[in-house]
Amino acid sequence: MKKLLFILSAIVLLTACSGDDSGGTKTKLVRKITTTGSDEGDNRTYSFSYDKQDRVKKMKVVLETATFEMTYTYNELDYLVKAVRTGNSPGTTLLTYDEANHLSSISSSEGVIPVTFDNATQTYNVGGQFPFKVDSGWDFLSYYSFSIESEGQMKGAFYNAKGNIGALQFGGMPDFFYLGGRRSVKNLKLNGQEALTKVSIYDEEGFVTSSNVGGALMTLSVEYEY
């Protein structure tokens with residue numbers, strides 16, 4: 001799993017209760033996600049701020065050996081089009097979309113990675129190597145060799161966030177596919193075999209507040225703050 005996340009991070013490099021500027025509204029938005037574990041790279045903190053449209057505006061990431069910040073820009077459809085990284089390994093990632101609003105490329109100063117979309121299977125493929133599926137809200141249904149199952153109607157950390165929130169997967173948060181989303185992830189299967197299970201606790205509104213992630217790939221504790 002660590003090797004996979006490293007590879008996905010390399011692709012990216014090639015490439016709370018209310019929003020900060022929401023004028024006093026009370027939209028419930030995740031402010032911080034903290035992961036802890038015993039393996040190298042397990043201890044991470046993601047801190048989020050939002051614009052007036054409740055889109056993620058900035059994300060600060062504190063890793064065990066580095067810190068960086070992402071700043072995001074969206075188009076008129078609230079789709080992520082630009083992610084600027086400052087701090088450790090600075091750079092800019094650009095995302096483009098075709099006329100049907102399907103993701104079509106991920107690029108940076110290092111080059112352009114084409115992204116294709118198969119209408120028959122509703123599957124994206126990044127660079128011909130990393131297939132994934134998302135629902136209409138850009139929650140991941142599958143990623144690489146993982147199939148992803150959500151926990152009924154329970155709410156994920158980004159339940160109220162606007163925009164194609166899953167694009168953060170390619171904008172500085174390569175573990176978004178199982179930590180983030182509008183739906184709360186229950187388990188992941190790798191090539192059909194159960195690989196990770198999330199046992200979560202929810203508040204009275206149904207929002208995830210903590211999870212224990214366990215399985216063949218890792219053991220991790222996750223805390224969500226709003």
May I ask you to verify whether Thr93 is closer than 30 Å to Val208 by Cα, within 17 Å of the chain's Cα centre (by Cα) and either basic (Lys, Arg) or surrounded by 18 or more Cβ atoms within 10 Å (Cβ to Cβ) (or both)?
yes
Filter pass, Val112 being assigned to a strand (DSSP E or B) and more than 16 Å from Leu168 (Cα to Cα)
yes
Determine if region 127-137 includes at least one residue that is crowded, with 23+ Cβ neighbours inside 10 Å, of a type in the set (Lys, Arg) and within 25 Å of Asp78 (Cα to Cα).
no
Just give me the residues in region 66-85 being buried (at least 20 other Cβ atoms within 10 Å of the Cβ) and among the charged types (D, E, K, R), in sequence order.
Arg85
Of all residues in region 39-63 being basic (Lys, Arg) and in a loop (DSSP other than H, G, I, E, B), the one that is nearest to the chain's Cα centre (by Cα):
Arg55
Which numbered condition Val30 misses (of (1) part of a strand (DSSP E or B); (2) under 15 Å from the mean Cα position of the chain (by Cα); (3) β-branched (Val, Ile, Thr)):
(1)
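A short reminder: the numbers here are calculations on the coordinates, not readings from a lab. Treat the numbers as computed from the prediction; the structure is a model and nothing was measured. Methodologically, a virtual Cβ is constructed for each residue, glycine included, from the backbone with ideal geometry; neighbour enumeration extends over all protein chains shown.
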